[in-house]
Amino acid sequence: MSAVEFDQLLVNNAEFLKPFAITLTRDSEAAKDLFQETLFRALANKDKYNVGTNIKAWLYTIMRNIFINNYRRKAKQNTIFDSSPNDFLLNYNQAVIPDTAEGNLRVKDIQGAIHNLPEIFRNPFLLYFDGFKYHEIAKMLREPLGTIKSRIHFARKLLKGQIQRY
């Protein structure tokens, strides 16, 4: 197929791409860009087109692949787009300084609240907090699994009531 014949075939079938581009992008300007990029890639790769194959399907595939690649590229960038005049605030890295004194007080209060739990609730809760599974705790304390689950639940409930005042 000559270059002139391919160009004519492309021009005759290009109009079918516009609605597909709008469907993909949901934006008329982005659809125009996608349409233009598709025609450019089709012209650049006309040697890969096999005569007799469906040109519309070939063009749709090119457009869909361009759209998917652009979408993936934008997702990887994680860039925040803001059209406001405050562009200097975008991606502005602010240093966060933790208030360690207040944090230490809270940890002490939580540890005190755990220590004040009745022993029947405190032991299963501390084992669970240390990463043991319910069935492991039940085996260690020689208690039924349902009992361990309910004791840990009640320990959480008691702690929530004591710590909620902050």
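The values are calculated or read from the model by the stated rules, or taken from the named source; none is laboratory data. The model shown is predicted, which means the values in this text are computed figures rather than measured ones. So basically every Cβ, Gly included, is an ideal-geometry build from the backbone, and we count neighbours across all protein chains shown.
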Handout entry: Leading residue by the ranking (nearest to I68 (Cα to Cα)) among those in the stretch 11-56 that are touching a helix residue (DSSP H, G or I) at 6+ places or on another chain (Cβ under 8 Å) and among the hydroxyl-bearing types (S, T, Y)
Key = T25
Exercise for the section: Considering each residue of the stretch 1-38, count those that are aromatic (F, W, Y) and within 29 Å of the chain's Cα centre (by Cα), and give that number. Expected result: 2
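Let's see how each residue does on (1) in contact with a strand residue (DSSP E or B) (Cβ under 9 Å, 6 or more places away or on another chain); (2) part of a loop (DSSP other than H, G, I, E, B); (3) crowded, with 16+ Cβ neighbours inside 10 Å; (4) basic (K, R):
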| position | (1), (2), (3), (4) |
| --- | --- |
| P124 | no, no, yes, no |
| Y128 | no, no, yes, no |
| H135 | no, no, no, no |
| A138 | no, no, yes, no |
| S150 | no, no, no, no |
| R156 | no, no, no, yes |
| G161 | no, no, no, no |
Handout entry: The lone exception for Y166 - which of (1) modelled with pLDDT under 90; (2) on the phi > 0 side of the Ramachandran plot it fails
Key = (2)
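Tell me which residues, restricted to the stretch 39-65, are in contact (Cβ under 8 Å) with a residue 40 or more places away in the chain and within 26 Å of the chain's Cα centre (by Cα).
First pass over the stretch 39-65, keeping only residues in contact (Cβ under 8 Å) with a residue 40 or more places away in the chain: 46, 49, 51, 55-56, 59-60, 63-64.
Once the filter is applied, which keeps residues that are in contact (Cβ under 8 Å) with a residue 40 or more places away in the chain and within 26 Å of the chain's Cα centre (by Cα), the stretch 39-65 yields M63, R64.
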Handout entry: Which numbered condition Q36 misses (of (1) modelled with pLDDT of 90 or more; (2) surrounded by 12 or more Cβ atoms within 10 Å (Cβ to Cβ))
Key = (2)
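Take the stretch 54-92 and flag every residue that is part of a loop (DSSP other than H, G, I, E, B) and at pLDDT 85 or above.
Within the stretch 54-92, just N54 meets the criteria.
Hey, can you tell me all the residues within the stretch 120-166 that are touching a residue at least 60 places away in the same chain (Cβ under 8 Å) and over 36 Å from the mean Cα position of the chain (by Cα)? Can you show your working first?
Pass one, the stretch 120-166, residues touching a residue at least 60 places away in the same chain (Cβ under 8 Å): 166.
Matches in the stretch 120-166: none.
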